[in-house]
Amino acid sequence: MNAAAPIIELAGVNKWFGKFHALKDIDLQIARGERVVVCGPSGSGKSTLIRCINRLEENQEGRIVVDGIELTEDLRSVERIRREVGMVFQQFNLFPHLTVLENVALGPQFVLHTPRRDAEASALQQLERVRIGDQAAKYPGQLSGGQQQRVAIARALCMRPKVMLFDEPTSALDPEMVKEVLDVMLELATEGMTMVVVTHEMGFARSVADRVIFMDEGRIVEQNPPREFFANPRNERTRDFLAKVLPR
Amino acid sequence: MPGTAEALAGARLPPVRRRGPWAWARANLFATVPSTIATVVFAATLARALPRIARWAVTGAVWSADYDACRQLAYRAACWGFVAEKHRLILFGRYPYPEQWRPLVGTLLVVAALGASAHPRCWRRWLVAVWAVVLPAFLVLMGGGVLGLTPVETGLWGGLPLTILLTLVGVSISIPIGVVLALARRSKLPFLRAAATLYIEMVRGVPLITVLFVASFVMPLMLPRQARIDVLTRIAAGITLFQAAYMAEVVRGGLQALPRGQHEAAASIGLSWWQTQRRVILPQALVLVIPSFVNSLLSVFMDTSLVTVVSMYDLTGALRLALGDPRWRNFFLEGYLFVGAVYFTCCFGMSRYSAWLERRLGRWISRPGTSR
């Protein structure tokens with residue numbers, strides 16, 4: 001596969017919820033190793049956008065290609081893409097009946113058919129990477145929000161994905177826990193992971209992103225490298241939004 | 001050191017709670033004036049009633065199967081002689097008297113296997129092997145016809161072994177069917193969903209007694225003569241298929257309690273639909289519905305008494321057989337107390353077990369009042 005080809009490509013994607021037109025003519029290409037932050041007011045379609053990439057939502061029009069695999073009705077293409085794409089949710093969505101270690105080892109064990117011992121070894125490695133190896137035997141309900149979100153990141157990483165999607169990963173956290181999660185994401189970015197992050201953390205966007213995308217009413221309104229994006233917002237709606245979220 | 005940090009933050013130990021029987025009584029029996037009045041009234045009633053009950057049930061009662069002694073009591077005390085005389089009929093129904101060691105041994109085998117199945121630590125492959133031996137052994141012992149055992153037709157099986165067999169089959173087979181029906185009813189495929197919904201709603205619209213009548217009397221008329229199915233098999237299948245509809249709704253309740261995020265998280269790491277159900281959804285949903293499962297278990301256990309309407313004699317039915325003896329028929333109270341005690345022992349055991357299992361399998365659920 002051509003290394004210069006985009007790892008994610010959306011062309012003419014449209015999505016409706018009932019009659020509500022949630023995504024309008026989305027064209028987007030994301031390069032290997034690129035860090036993209038998606039921002040915009042609530043209801044602008046940013047979560048829907050990244051949820052279409054691994055088919056948690058189904059777009060009615062347009063095509064989506066991830067790492068050369070086109071998303072189709074065929075369940076196998078969906079499952080292949082999900083193996084390549086990790087996802088972190090706002091509400092963590094850990095499996096409460098499994099220990100932290102089992103949460104992380106589940107994917108490798110049953111999707112990649114890694115022997116249990118190896119799956120758990122690699123799970124522990126990922127947990128240590130997010131600095132939470134000492135909590136491996138606990139249940140998710142015994143951890144703080146920040147710890148749970150780091151476990152969720154480890155769970156996604158344990159599948160060795162080529163892309164990581166983050167859907168407002170810090171929005172459900174108490175303020176003092178936001179940093180521990182952002183630090184882990186920052187490290188991931190430094191290691192060269194392709195990341196698409198929906199977030200309101202403009203500091204993170206400024207320091208980590210290669211490109212910031214602003215969405216409103218289901219459209220990509222503006223996209224630019226962060227320096228340009230923050231210094232020179234061209235669209236009026238972008239300026240409005242930034243005025244609200246940026247500290248004065 | 002967390003201790004030091006807490007000391008720095010001004011943390012203190014919780015206040016000492018008074019312990020001991022006196023403190024307990026003050027807190028629970030005499031806390032307020034109404035509570036004190038209730039306690040006194042209740043204690044006085046007990047003090048009056050208990051000696052009478054003891055005289056009726058224990059000290060004044062006749063314990064041997066002595067009919068004349070029982071008659072002389074003139075119902076002033078219990079005649080356990082009835083139970084002493086008829087206990088084998090009550091426990092084993094119409095099963096041929098000299099062969100009743102067979103249901104006894106068979107039932108003990110099944111109960112032992114149930115005991116082994118009770119602990120999650122034993123939920124391994126060998127347990128399947130255990131049941132693969134125990135169930136045929138039970139059926140061979142009961143049915144005979146091989147190994148020099150006289151054949152005993154299933155219509156004569158009765159009493160507690162019948163109750164246990166029907167409950168065991170009814171519950172253990174209806175749960176997996178119920179799980180499949182519940183998953184089908186939540187399926188995205190319209191045909192599956194409609195079929196499951198139709199089945200569940202139809203079965204729930206029919207009383208169990210009708211199902212038993214159909215299984216017992218109507219089915220043989222509809223099937224060709226060569227395709228004779230044994231009456232007990234038909235009854236067991238009827239109870240199972242009936243119960244499966246209720247189990248399906250119980251399971252569906254558990255499935256619906258889980259947030260959508262669980263499905264999405266499982267999908268996002270690439271688990272297939274089956275793997276998601278098997279590894280993520282069902283293990284949570286089934287633990288959530290243990291209390292309802294036990295409801296069903298207990299109601300099947302007692303609903304088996306309905307099989308008397310199709311001339312099978314479970315524990316309750318066998319008691320009625322025993323009361324058919326004109327000499328003893330007036331001692332029905334003792335008989336029902338005895339059968340009631342058997343039912344209570346079994347049901348109370350099951351419900352304590354389920355409470356334990358719920359705690360053990362649901363350790364991940366944080367409950368109010370438990371420390372994290």
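No lab work stands behind these numbers, since they all come straight from the coordinates. From a predicted model like this one, the values you see are computed outputs, not experimental measurements. Note: ideal-geometry Cβ built from the backbone for every residue, glycine included; neighbour counts use all protein chains shown.
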**Request:** Find which of B:Val203, B:Val140, A:Ala121 sits farthest along the positive direction of the dipole of the protein assembly as shown, computed with +1 on the beta-carbon of Lys and Arg, -1 on that of Asp and Glu, about the Cα centre.
**Result:** B:Val140
**Item:** Efficiency of FRET from Cβ geometry, B:Leu156 and A:Lys179, R₀ 51 Å, rounded to 0.05
**Value:** 0.10
**Request:** Counting helices only, and only those DSSP H runs with n ≥ 4, report the 222 nm mean residue ellipticity of chain B as the sum of -39,500 (n - 2.57) divided by its residues, in deg cm²/dmol to the nearest 500.
**Result:** -21000 deg cm²/dmol
**Prompt:** Which value, in debye to the nearest 20, describes the size of the charge dipole of region A:83-130 about its Cα centre when Lys and Arg Cβ atoms bear +1, Asp and Glu Cβ atoms bear -1, and nothing else is charged?
**Reply:** 40 debye
**Item:** Summed residue charge, Cβ within 12 Å of B:Gln243's Cβ, Lys/Arg positive, Asp/Glu negative
**Value:** -1
**Asked** Taking H as built 1.01 Å from N, whose amide H comes closer than 5 Å to the amide H of A:Met215, not counting residues under 5 places away?
**Response** A:Cys39, A:Gly40, A:Val221
**Complete:** Residues whose modelled amide H sits under 5 Å from the amide H of B:Asp314, counting only those 5 or more places away in sequence or on another chain, are B:Gly159, B:Thr308
**Prompt:** Over region B:166-243, what is the relative contact order in whole percent, taking alpha-carbon pairs under 8 Å and six or more residues apart?
**Reply:** 44 percent
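Could you tally the net charge around B:Ala182, taking each other residue with its Cβ under 12 Å from the Cβ of B:Ala182, Lys/Arg +1 and Asp/Glu -1?
Residues close to B:Ala182 contribute a combined charge of +3.
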**Asked** region A:1-53 to region B:185-257: how many Å between their Cα centroids?
**Response** 48 Å
**Prompt:** Near the amide H of A:Gly33, under 5 Å away, which other amide H atoms are found, from residues 5 or more places off or on another chain, if H is placed in the peptide plane?
**Reply:** A:Thr194
**Request:** Please list B:27-33, B:331-337 highest first by mean number of surrounding beta-carbon atoms within 10 Å per residue.
**Result:** B:331-337, B:27-33
**Prompt:** Taking +1 at the Cβ of each Lys and Arg and -1 at the Cβ of each Asp and Glu, which of A:Gly218, B:Leu189, A:Val38 sits farthest along the dipole of the protein assembly as shown towards its positive end, judged by Cα position relative to the Cα centre?
**Reply:** B:Leu189
**Item:** Cα gyration tensor shape for region B:261-372, rounded if a/c is under 1.5, else prolate or oblate
**Value:** oblate
**Label zone at B:Leu114, where the point sits 7 Å out along the Cα-to-Cβ direction: region B:169-197 residues whose backbone N lies under 14 Å** = B:169-173
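What's the ranking of B:236-247, B:214-225 by average number of surrounding C-beta atoms within 10 Å, highest first?
Order by mean packing, descending: B:236-247, B:214-225.
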**Message:** If you build the convex hull over the alpha carbons only and average its shadow over all orientations, what do you get for chain B? Give it in nm² to one decimal.
**Reply:** 30.0 nm²
**Complete:** Dipole check, chain B, charges on Cβ (K,R +1; D,E -1), about Cα centroid: among B:Val309, B:Ser268, B:Pro151 the Cα furthest to the positive pole belongs to B:Ser268
**Asked** Once you charge only the Cβ atoms, +1 for Lys and Arg and -1 for Asp and Glu, what is the size of the charge dipole of the protein assembly as shown about its Cα centre, to the nearest 20 debye?
**Response** 1720 debye
**Request:** Take the alpha-carbon centre of region B:111-175, take the same for region A:135-153, and report the distance between them in whole Å.
**Result:** 44 Å
**Message:** I need the helices of chain B that pass two filters: whole DSSP H segments spanning 30 Å or more by Cα along the axis, and mean Kyte-Doolittle score no lower than -0.5.
**Reply:** B:33-54, B:159-185, B:231-257, B:332-361
**Fill in**
Cβ-Cβ cut-off under 15 Å around B:Val83, Lys and Arg +1, Asp and Glu -1: the net charge is +1
**Message:** Using Cα-Cα distances under 8 Å and only pairs 6 or more residues apart, what relative contact order does region B:19-145 have, in percent?
**Reply:** 15 percent
**Message:** Give the lysines whose C-alpha is closer than 17 Å to that of A:Lys24, dropping any in the same chain fewer than 8 places away, or say none.
**Reply:** A:Lys15, A:Lys46
**Prompt:** Given springs between every Cα pair under 10 Å in a Gaussian network model of chain A, which of A:Ala205, A:Ala136, A:Ala156 has the largest fluctuation?
**Reply:** A:Ala136
**Request:** With runs of 4+ DSSP H residues as the only contributors, calculate the mean residue ellipticity of chain A at 222 nm using -39,500 (n - 2.57) per run, divided by the residue total and rounded to the nearest 500.
**Result:** -11500 deg cm²/dmol
